[in-house]
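Reading through the structure tokens given below for one structure.
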Protein chains: 2
Amino acid sequence: MTSEDIRNQVFTMGKQARAAAHALTTLTTEHKNDILLAMADGIVANESTILEANEKDLDAADELGLTDAMKDRLRLDSDRVAAIADGIREVAELHDPTRGIIKDWTRPNGIRLVKKRTPIGTIGIIFESRPNVTADAAALCFKTGNATILRGGKEAIHSNRAIATALDEGGKKAGLPDHAIQLIPFTDRESVQHMCEMDQWLDLIIPRGGAGLINAVVAMARMPVIKHYDGICHVYVDKAADLDMAEAITINSKCQKPSVCNALETLLIHKDVAAEFSPTIAETLSAKGVELRGDEEFRKLADLDTVIPASESDWTTEYLDLTLAVKIVDDLDSAIAHINEYGSHHTDSIVTGDEAAADKFLLEIDSACVFWNASTRFADGGEFGFGAEIGISTDKLHARGPMALEELCSYKYLAFGTGQVK
Amino acid sequence: MTSEDIRNQVFTMGKQARAAAHALTTLTTEHKNDILLAMADGIVANESTILEANEKDLDAADELGLTDAMKDRLRLDSDRVAAIADGIREVAELHDPTRGIIKDWTRPNGIRLVKKRTPIGTIGIIFESRPNVTADAAALCFKTGNATILRGGKEAIHSNRAIATALDEGGKKAGLPDHAIQLIPFTDRESVQHMCEMDQWLDLIIPRGGAGLINAVVAMARMPVIKHYDGICHVYVDKAADLDMAEAITINSKCQKPSVCNALETLLIHKDVAAEFSPTIAETLSAKGVELRGDEEFRKLADLDTVIPASESDWTTEYLDLTLAVKIVDDLDSAIAHINEYGSHHTDSIVTGDEAAADKFLLEIDSACVFWNASTRFADGGEFGFGAEIGISTDKLHARGPMALEELCSYKYLAFGTGQVK
């Protein structure tokens, strides 16, 4: 394909998505749910085709230099295909936010105003690696009445195509509108650039992947981008902390699932409790296989040879592994300053029995999720009761924190008049 | 100043704004209001300095090629300075949204979750011409706890500097935090570029001005941009319209204040009522000095020599003047298709007695404000009861339609636990 072919094809998909978005506004919730169930059936019916396609991707994985962890994320089997279908069925079960009324009021001139939730319109999802994102993202966007253009990575292109075809085949049986879910069938880098240019047809782009991908999209995109950057999450153990609780929260935040964005990366300890807390937590975490990187004060107090000296870059590193940076701070203000400066504004937790300290922390920490006496691992759409989520936004505009169905919506103002003029 | 000086100075202001944003989170509503009143007093106390500065801008206006209309927007006098101060006092009277609770619920594990409104943080405002924007935007952003970096146009630089100094001098008397309101004191174009680059220090940019300015900012900005594009607003006269009401709404939407973004620009008439409605509305509007540009069908029915043939570009033109494009449409679907394709997704109104037609229009028109039997002129923060507004957003993300105090806020999730772990 020439550059011009790529451009034309991406732009054509953009135009088609806009038309599909209009068709989607007219579907009832029941109809959308029927289509979702049919899409899930389509996945099940096409299991063998999907697994064959996945095999092709796995065959090319070594040549593309994929690590074992990446290959594991890429690999599908019968159970994983069933899980994809189940995920879509769960989305069908969720409440449809697009018909929701946010506010309803009447002005003195008699005009009734209704602020009503609506689909955003058209959403581009650019993602890497895991082929299940094709189905997850498509289902969430479809449920909220948005037309989607998906652009997956080269490493999963065969799997992604097979899944997209299965969704379309299944969905069509229940009346899925044409072009409501489109996968860009090739992976040339230029296709990302063209998506980023077509702000007349795409209302939003969500890049799901590493910082390199997100930065490239941010630099190119003319439309809004919702970013899911790193989670450099903190636990701050205040001087008024219950130290048993602090230990439990630290261990859970760090060890329960270290590979995810709401796992703990930096532990801050108030100097007044550092002498008591440091050796205990160092020993417990070490016993659990956690590599500790401490500032000078913590290393002294922990009194363990295995604590590595922390460097400046440790305060801004998302390890996603059994590694933890630890720092002793002078007071609550220092803890807040450290978190606001080095953190990623994702999730931070204070452990304290002092309500005034907690209030100050909750007010002044500039993060999506700010917790008092709870594990950072609760920063999650499921834990919040939102159902499925498309990610945890580290942005402050439109969607902050867990981004679920409501955050895939916009709104509009309806006015009901009886001929009023100004 | 060298390019490097400009860059350094803009970046320094960015860092300072971030620090100021943190200071702002700790101010009470009462304190913020006291500061706003002191800022208003600062404007009044510095009236003569502001008018002298404005005189300098007016002296340079001809050299800069400003039109009479632009000079009028630039010109300050004693009354206009008093109006600026009154505008700030009105903002002090408004409800403070930053302490608001959006949602408060408790999970089965006992964790109480609170979705709380917060300031966005730091906001860049890039504007042209009218110096009162300096004070208006600063007051709205300050009320919502945001630190502001203002960058005005060359044509008003002396006035803008004098107003910013007056706000600062006045505000400082009541404890305005350092750097909470900063004006870039020079107007080199590079300063806009540097603002657009510093996404670590600016959470949002709002360009207030023409499409050229907005497009340039969108192309450069790494942070979210909220756009206030044109208002290409429509009235659609349905076949079931009360034609007297349709006439009143059309005249009001077009003529009451044609220079604003919620004024009518294109009138659509259902073919079944076109023979009756067209000659009447053509005559009435012509008598009011409105230039009509009609499609062939309307020109035939209106039977007035003065109706000019409409060209394709008329459907996408925001005249902001006593000019109106008129088209006869076959049915409601054609009206919806025309508005969604040619409109600017700002404000569109249907006149009809048919509830099903209205429901369809309200559902399918993809605009910030969709009205039934009301003038488009009601699309306004004041008319909605929001108090002051910073503009009418034509975006769909974060803020759509009238952008008032709540839309200058973000939110965060607070969790209140008792030691919960996952």
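No value in this document is a laboratory result; all are computed from the given coordinates. Keep in mind it's a predicted model, so treat the numbers as computed, not measured. For neighbour counting, all protein chains shown are included, and Cβ atoms are generated from backbone atoms with ideal geometry for every residue, glycine included.
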Q | Phi to ³J(HN,Hα) by Karplus 6.51 cos²θ - 1.76 cosθ + 1.60 over segment A:156-173, Hz, x for Gly, Pro | A | 10, 4, 5, 4, 4, 4, 5, 5, 4, 5, 5, 4, 5, 4, x, x, 4, 4
Q. Which whole number gives the average count of other chain Cβ atoms within 10 Å of the Cβ atoms across peptide A:396-403?
A. 6
Q: Quickly work out the A:Asp330-to-B:Lys154 label distance, labels modelled 7 Å from Cα along the C-beta direction, and quote it in nm with one decimal.
A: 4.8 nm
Q. Using the Cα gyration tensor of the protein assembly as shown, with a ≥ b ≥ c the square roots of its eigenvalues, what is the shape: rounded (a/c below 1.5), prolate (a/b larger than b/c) or oblate (neither)?
A. oblate
**Q.** B:Cys233 long-range amide H proximity, modeled H, under 5 Å
**A.** B:Glu265, B:Thr266
(Q) On C-alpha positions alone, give me the angle between the axis of helix A:47-61 and the longest principal axis of chain A, in degrees, nearest 10. (A) 60 degrees
Q. Which residue fluctuates the most in chain B, going by a Gaussian network model with Cα springs under 10 Å, if the choices are B:Lys103, B:Lys172, B:Lys300?
A. B:Lys103
**Q.** Ascending count of other beta-carbon atoms within 10 Å, so fewest first, for B:Thr317, A:Thr26
**A.** A:Thr26, B:Thr317
Q) What is the sum of charges around A:Glu190, taking Lys and Arg as +1, Asp and Glu as -1, for the other residues whose C-beta is under 12 Å from the C-beta of A:Glu190? A) -1
Q.
If R₀ is 30 angstrom, what is the calculated FRET efficiency for the pair B:Arg99 and A:Arg107, using the beta carbon separation as r and rounding to 0.05?
A. 0.75
Q | Per-residue mean of C-beta atoms belonging to partner chains within 10 Å, peptide B:363-373 | A | 6
Q) Any idea what angle helix B:78-93 forms with the longest principal axis of chain B, computed on alpha-carbon atoms, 0 to 90 degrees, nearest 10? A) 80 degrees
Q: Report the label-to-label distance for B:Arg189 and A:Leu320 in nanometres (one decimal), using points 7 Å from each Cα along the Cα→Cβ vector.
A: 4.1 nm
Q. For the cross-link pairs A:Lys103/B:Lys360; A:Lys154/A:Lys254; A:Lys143/A:Lys396; A:Lys103/B:Lys115; A:Lys116/B:Lys32; B:Lys116/B:Lys422, which exceed 28 Å when the distance is taken from alpha carbon to alpha carbon?
A. A:Lys154/A:Lys254; A:Lys116/B:Lys32
**Q.** Point-charge dipole on Cβ atoms (K/R +1, D/E -1) for the protein assembly as shown, about Cα centre, debye to 20
**A.** 740 debye
**Q.** Chain B Cβ-axis minimum, rotational copy A, residue and distance in Å
**A.** B:His398, 2
**Q.** Shortest-first nm distances, B:Ser311 label point to equivalent points in other copies (7 Å, Cα→Cβ)
**A.** 6.5
**Q.** Choice from B:Ile43, B:Ile101, B:Ile249 showing the highest fluctuation, given a GNM over chain B with Cα pairs closer than 10 Å
**A.** B:Ile101
Q. Sequence-distant or interchain residues sharing an amide H contact under 5 Å with B:Ile350, placed H: which?
A. B:Tyr236, B:Phe371, B:Trp372, B:Asn373, B:Ala374
Q: List the residues whose amide H sits under 5 Å from the amide H of B:Thr148, counting only those 5 or more places along or on another chain, with H placed 1.01 Å from N in the peptide plane.
A: B:Ile123, B:Ile181, B:Gln182
Q | About the Cα centre, charge dipole magnitude for segment B:318-389 (Lys/Arg +1, Asp/Glu -1 at Cβ), debye | A | 160 debye
(Q) Considering only C-alpha atoms, what is the centroid distance from segment A:297-360 to segment B:249-297, in Å? (A) 65 Å
Q | Cα centroid separation, segment A:212-248 to segment B:197-225 (Å) | A | 24 Å
Q. Taking the label point as lying 7 angstrom from Cα along the Cα-to-Cβ axis, what are the distances from B:Glu291 to the corresponding position in the remaining copies, in ascending order and in nanometres?
A. 7.3
Q. With chain B treated as a Gaussian network of Cα nodes joined by springs under 10 Å, which of B:Met403, B:Met70, B:Met39 yields the largest mean-square fluctuation?
A. B:Met70
Q) Gap in Å between the Cα centre of segment A:19-37 and the Cα centre of segment A:65-88? A) 28 Å
Q: Using the 7 Å Cα-to-Cβ label point, sort the distances from B:Thr187 to its equivalents in the other copies shortest first and give them in nm to one decimal.
A: 5.1
Q: Identify, among B:Ile281, A:Ala138, B:Met70, the residue whose Cα sits farthest towards the positive end of the charge dipole of the protein assembly as shown, taking +1 on the Cβ of Lys and Arg and -1 on the Cβ of Asp and Glu, with the dipole about the Cα centre.
A: B:Ile281
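Using a ≥ b ≥ c from the Cα gyration tensor of segment A:233-383 (square roots of the eigenvalues), is it rounded, prolate or oblate, where a/c under 1.5 gives rounded and otherwise the larger of a/b and b/c decides, a/b for prolate?
Numbers: a/c = 1.41, a/b = 1.16, b/c = 1.21.
Rounded shape, in that the Cα axes give a/c under 1.5.
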